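Working notes, structure below.
The values are calculated or read from the model by the stated rules, or taken from the named source; none is laboratory data. Just so you know, these numbers come straight off a predicted model, no measurement behind them. Backbone-built Cβ (ideal geometry, glycine too); neighbour counts: all protein chains shown. Surface areas here come from the heavy atoms of the whole protein model, side chains and all, with no ligands, DNA or RNA. Shrake-Rupley method; radii C 1.70, N 1.55, O 1.52, S 1.80 Å.
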Amino acid sequence: MAASDSFATEGNQPFFHFYLELWRNDTFLSALRVSVWVAFISTTMALIIGLFLTRAMFRLFKRDDWKFIAWFPMLIPHFVAAYICFLLFAPSGWFSSVVFQIGWLETMSQFPVFVNDPMYLGVILTYVWKEIPFVILMLLPVYQEMDLRYEDVSKTLGGNRWTVFKTVELPWIWPISLEVFLILFVFVLGAFEVPALLGVTFPKMIPVLAYDWFYQAGWVNRPLAQAMMVILSLLAIVAAALILTFSQRWRYKWASRRDDS
Amino acid sequence: MTRKRKLWMRLTMLSLFMLIFVAPVILMFLKSVSFGWSWPDWRPTQFDLRGWRVVFGDPRIFSSLWNTILIAGVVVMLNFIIATPAAYALSRFHFRGKAIIESLLMLPILIPVLAIAMGLHLTMIRLGLTDQVLGVIFIHLLPTLPYAIRVLKSGFDRLKNEWEEQGAVLGANSQTVFWTVMVPLMTPSIRSTAVLVFVISLSQYVLTAIIGGGTVSTLPMIYYPFFTSADEAVIASFSVLFALLPIMFLILFEITLRVYLRVIKRP
Amino acid sequence: MLIKVEKLTKSYAGQTVFSDLNLEMTKGEIMSLVGPSGCGKTTFLRCIAGLSFSTSGSIYVNDVNITNSKADERPVVLMFQQPLLFPHLTILENVTYGLKYGKNKSKKQERIERGLAILEKVELAALSGRYPNQLSGGQQQRVALARALILNPDLLLLDEPFSSLDPSLRSSIRSWVRDFLKKEGVTALFVTHDREEAMMMGDRIAVMKEGIFQQIGSPKDVYQQPKSPQVAEMFSEGLVMEGFFLSPDHLTLRPKTSLKAADTEAFDATVEYKILKYGHTFYHVYVHALEQRVVVLSNHEFLDGEQVELCYKRISLQTYNKNHPVDEGKSSKKLSR
Ligand SMILES: Nc1ncnc2c1ncn2[C@@H]1O[C@H](COP(=O)(O)OP(=O)(O)OP(=O)(O)O)[C@@H](O)[C@H]1O
Ligand SMILES: [Mg+2]
């Protein structure tokens with residue numbers, strides 16, 4: 001429906017009018033850049049940190065309910081997480097205060113800008129904090145089902161830590177990691193709540209821009225907003241298709257390799 | 001690894017978790033009950049409930065709170081009603097087109113919900129679903145259902161078929177087996193689903209804003225304007241309220257589950 | 001006849017697992033079912049229990065046709081390889097599950113009484129309040145048995161119930177179970193991989209291979225008079241030849257040099273190793289001509305690797321009796337026609 005609205009032609013304008021206009025629109029292009037940047041960095045960081053925590057957790061807490069502490073951020077809505085980030089990292093925030101008490105700062109303004117900054121560092125931090133538990137939630141069952149005898153074999157054959165990880169764990173966690181990456185990446189790309197609070201007026205992230213355009217007086221930019229969302233959806237679906245086929249083939253390759261040996 | 005070293009590592013890890021995942025929320029709580037805590041104090045000096053009084057003094061708060069809980073509660077229930085049979089079928093049966101259906105069910109995770117909401121907006125206006133709770137509930141199903149189906153499906157995947165067969169062989173019909181064997185064995189998945197769905201519904205601002213059109217007031221609707229106000233204790237109190245709701249929901253849900261287990265357990 | 005299975009056939013997507021199986025059992029009888037892995041034993045039990053449906057054929061219990069009834073409506077209980085005790089229920093609650101949620105609901109007081117009574121019988125009444133994960137593997141299996149027997153099933157099906165237990169526990173619990181089933185007069189069909197277990201548990205043994213019952217008979221008959229080379233290979237310990245079979249009790253060993261008696265034949269064989277058991281010496285020998293190994297009791301002393309002769313009387317050579325009908329059920333029918 002968004003698609004058909006955005007294709008709608010006015011008078012003798014060409015069919016793809018709005019898409020072409022978008023492509024020439026600097027506001028859109030910078031929004032796209034910053035959105036991809038935020039989504040990529042925060043998802044990658046959440047995945048890597050989550051992976052390390054999962055590995056440690058699964059070895060240290062076989063059946064220890066304390067590990068549910070790591071689930072805690074899942075109970076917190078995204079915008080509250082954004083506020084917590086603000087509390088900690090704003091120039092008037094807690095870290096700034098601590099640094100002042102240590103004596104490294106004289107005024108608030110000397111503290112590096114982490115929130116409402118054009119690099120969206122605050123948004124990234126918020127997403128990393130919120131998504132790590134999700135990564136753990138998805139990866140932990142895989143580790144619990146993993147057959148660690150392979151690991152022992154690999155160790156006794158003299159593999160170092162990296163080889164062990166690469167040959168034993170990676171094949172198991174690779175497909176699910178890709179899936180998690182995809183889900184989180186697309187989610188961050190399309191989520192409005194956090195950048196609306198911690199973002200800046202330029203560049204805006206795509207969802208915020210779309211919302212603005214959608215609700216602007218006179219509705220002049222509405223088709224543009226819809227065209228933007230259609231592009232975003234198509235991007236997401238193409239990425240999903242690519243990644244899923246890739247991981248499927250990978251899984252298949254691995255399965256057949258195990259049968260051979 | 002020696003036992004002692006392992007113990008130390010566990011303690012370190014737990015402290016790390018506390019520090020990263022829990023301490024920030026505690027800081028937020030302190031902020032909400034502090035008085036005049038501002039830069040460059042690193043800790044509060046005076047305590048006061050003014051922030052909380054302001055939040056609960058707002059005339060809109062109770063109706064919004066009620067709306068929020070009502071919507072989230074109904075969304076959780078609808079999720080279970082729709083996702084359980086879907087997840088069961090996807091887990092237990094093999095049929096043609098299963099892969100396609102599974103991908104379709106994943107779509108709302110992959111397509112930004114904002115896009116779907118913008119697309120559905122006109123249709124929902126025509127159907128008269130906008131500007132009312134029903135429409136908001138419907139739109140909240142989009143970002144929640146895929147997760148519910150996914151979590152429940154992996155729960156069913158882990159549950160061996162033999163449990164159901166054991167129940168059947170002992171003379172219980174499939175419905176009885178579902179309520180007395182499957183549900184108790186699925187409690188971890190059920191709990192995760194409920195909390196996840198509740199939190200996602202609670203966190204929706206933009207969907208509620210678009211479909212509710214400002215008529216349906218939920219807590220996030222009044223939170224966002226508050227955020228720009230400079231009164232930190234008030235925002236902190238409001239934020240704590242948001243953190244408390246899922247925790248209270250979890251506790252309530254847990255109690256319900258326990259009571260349920262009690263009831264079906266009797267010999 | 002309590003149990004009657006007629007021409008039961010099961011196939012998956014065109015692949016036949018078994019076909020035209022006939023079986024009859026009388027009340028209180030225990031039947032062992034043996035066969036190589038993948039021959040369809042589990043599938044057969046599942047069809048009788050109603051967990052899978054047969055492609056054709058019928059099943060009667062007490063002359064009632066149950067071929068198309070659902071699992072929960074059949075007077076049949078299946079015990080799986082694992083005990084599958086419901087982890088959220090205590091032992092007593094597990095045992096009374098079928099009474100509470102089954103067809104014939106009984107009153108709460110009665111349920112508890114009967115539950116405790118049957119736990120008494122399996123010697124676990126003291127643990128009635130515990131949860132399954134607090135029990136040992138053998139205790140869990142006994143609870144599973146109690147949970148099945150409390151329903152007074154017309155037929156109890158057991159699918160390798162002891163295979164997850166360690167060997168010593170296994171041998172003690174199986175004799176206990178056999179005595180228990182006999183004492184309670186339970187009709188049971190018992191699947192196992194283990195020849196010894198089959199002989200000690202079953203009043204009769206059914207040997208299944210390649211989708212049919214090769215032979216059904218008493219342990220002694222099956223052991224000493226196999227009706228086909230397949231049965232002989234699988235169940236007996238004698239020598240299997242084309243058209244003939246030599247029961248192990250007719251085999252003797254002697255040194256190679258000695259003379260041959262008129263009514264005696266001999267195979268050349270090599271002693272591989274010996275084992276001392278029950279106060280006797282058993283020699284594992286390899287018969288070159290047949291490429292088979294056999295275990296023979298002997299009072300002579302032989303060395304490992306020694307060339308010996310494996311002797312038998314010509315009259316002890318037996319044929320497989322192939323034309324003899326495999327199942328008694330079938331034969332009686334034929335006579336009545
Ligand atoms: N659901 C199914 N779909 C297709 N084929 C099946 C199915 N279940 C079993 N089979 C096939 O039926 C045959 C018999 O299986 P079954 O499990 O009955 O063997 P079994 O005698 O119990 O073996 P085991 O002694 O190893 O337990 C096997 O070849 C198996 O591959
Ligand atoms: Mg089997």
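How large is the helix-only mean residue ellipticity at 222 nm for chain B, computed as the sum of -39500 (n - 2.57) over DSSP H runs with n ≥ 4, divided by its residue count, in deg cm²/dmol to the nearest 500?
That comes out to -24500 deg cm²/dmol.
Quick one: if the Förster radius is 35 Å, what FRET efficiency do residue A:48 and residue B:248 give, using the C-beta to C-beta distance and rounding to 0.05?
Computed FRET efficiency for residue A:48 and residue B:248 comes out at 0.55.
At 1.4 Å probe radius, can you tell me the per residue accessible area of the protein assembly as shown in Å²?
Averaged over the residues of the protein assembly as shown, the accessible area is 48 Å².
Quick one: buried accessible area between C and B, total over both chains, 1.4 angstrom probe, nearest 100 Å²?
Using a 1.4 Å probe, the pair buries roughly 2500 Å².
Taking chain C as the reference, fit the longest principal axis to its C-alpha atoms, fit the long axis of helix C:137-149 to the helix C-alpha atoms, and give the angle between the two in degrees, 0 to 90, nearest 10.
60 degrees
Between the range C:1-62 and the range C:71-113, how many Å separate their Cα centres?
If you average the Cα positions of each part, the centres end up 24 Å apart.
Residue C:73: accessible area at probe 1.4 Å, nearest 10 Å²?
Surface accessible to solvent at residue C:73 totals approximately 100 Å².
Using DSSP to call loops (not H, G, I, E or B), can you name the trypsin sites (Lys or Arg not before Pro) in the range C:39-116 whose Cβ has at most 10 other Cβ atoms within 10 angstrom?
Those that pass, being in a loop and sparsely packed, are C:107.
Buried accessible area for the B:A pair, summed, 1.4 Å probe, in Å² rounded to 100?
The summed interface area works out to 5800 Å².
Give me the extension gain from residue A:37 to residue A:99: residue separation times 0.36 nm, minus the current Cα-Cα distance, reported in nm with one decimal.
19.4 nm
How do B:111, B:61 stack up against each other in accessible area, from largest to smallest, with a 1.4 angstrom probe?
B:111, B:61
What is the extension gain from residue B:53 to residue B:80, computed as 0.36 nm multiplied by their sequence separation minus the C-alpha to C-alpha distance, in nm to one decimal?
The span from residue B:53 to residue B:80 would gain 6.1 nm if fully extended.
Ignoring any ligand, DNA or RNA, what whole percent of the accessible area of the protein assembly as shown comes from carbon and sulfur when the probe is 1.4 angstrom?
61 percent
Over the whole of B:160-167, what's the average partner chain Cβ count within 10 Å per residue? Rounded to a whole number, please.
Partner-chain Cβ atoms within 10 Å, mean over residues of B:160-167: 6.
Please arrange C:273, B:205 by accessible surface area, largest first, computed with a 1.4 Å probe and ligands excluded.
C:273, B:205
Points 7 angstrom from Cα along the Cβ direction at residue C:60 and residue B:215: gap in nanometres?
Going from the residue C:60 label point to the residue B:215 one covers 7.1 nm.
Once you place label points 7 Å from the Cα toward the Cβ at residue A:27 and residue A:220, how far apart are they in nm?
1.0 nm
Rounded to the nearest 0.05, what FRET efficiency do residue C:11 and residue C:233 have when you use their Cβ-Cβ distance and R0 = 25 Å?
For R0 = 25 Å, the calculated efficiency reads 0.45.
How high is the relative contact order of chain C, in percent, with contacts defined as C-alpha pairs under 8 Å that are six or more residues apart?
It comes to 17 percent, rounded to a whole number.
May I ask you to list the residues of the range C:145-189 whose amide nitrogen lies under 18 Å from a point 7 Å from Cα along the Cα→beta-carbon direction of residue C:113?
Within reach of a label on residue C:113, which here means backbone N under 18 Å from a point 7 Å along Cα→Cβ, the range C:145-189 contributes C:150-152.
May I ask you to rank A:104, B:179, B:52 by accessible area, largest first, using a 1.4 Å probe over the protein chains only?
A:104, B:179, B:52
Just which residues of the range B:110-125 lose 50 Å² or more accessible area with every protein chain there, against their chain alone, with the probe set to 1.4 Å?
B:110, B:112, B:114, B:118
What shape does chain B take by its C-alpha gyration tensor, where a ≥ b ≥ c are the square roots of the eigenvalues and a/c under 1.5 counts as rounded, a/b above b/c as prolate, and the rest as oblate?
Since a/c reaches 1.5 but b/c is at least a/b, the shape of chain B is classed as oblate.
So the label point goes 7 Å from the Cα of residue A:146 along Cα→C-beta, right? Which residues of the range A:155-193 then have their backbone N under 12 Å from it?
A:162-177
Most fluctuating residue of B:181, B:33, B:169 in a GNM of chain B with Cα springs under 10 Å: which is it?
Largest GNM mean-square fluctuation: B:169.
Take the Cα of residue B:227, step 7 Å along the line toward its Cβ, and report every residue of the range A:184-205 whose backbone nitrogen sits under 13 Å from that point.
Of the residues in the range A:184-205, A:191-201, A:205 have backbone N under 13 Å from the label point off residue B:227.
Quick one: grab the alpha carbon gyration tensor of the range B:47-204, order the square roots of its eigenvalues as a ≥ b ≥ c, and give me rounded if a/c is under 1.5, else prolate or oblate depending on whether a/b is larger than b/c.
oblate
Label points 7 Å out from Cα along the Cβ direction at residue C:297 and residue B:46: separation in nm?
Placing both labels 7 Å beyond Cα along the Cβ direction yields 10.1 nm.
Which shape class applies to the range C:3-222: rounded if a/c is under 1.5, otherwise prolate when a/b exceeds b/c and oblate if not, where a ≥ b ≥ c are the square roots of the Cα gyration tensor eigenvalues?
Cα axes put the range C:3-222 in the prolate bin.
Report the FRET efficiency, 1/(1 + (r/R0)^6), for residue B:89 and residue C:152, where r is their Cβ-Cβ distance and R0 is 25 Å, rounded to 0.05.
So, using R0 = 25 Å, E works out to roughly 0.10.
Residue A:215 accessible area, nearest 10 Å², 1.4 Å probe?
Accessible surface of residue A:215 is approximately 90 Å².
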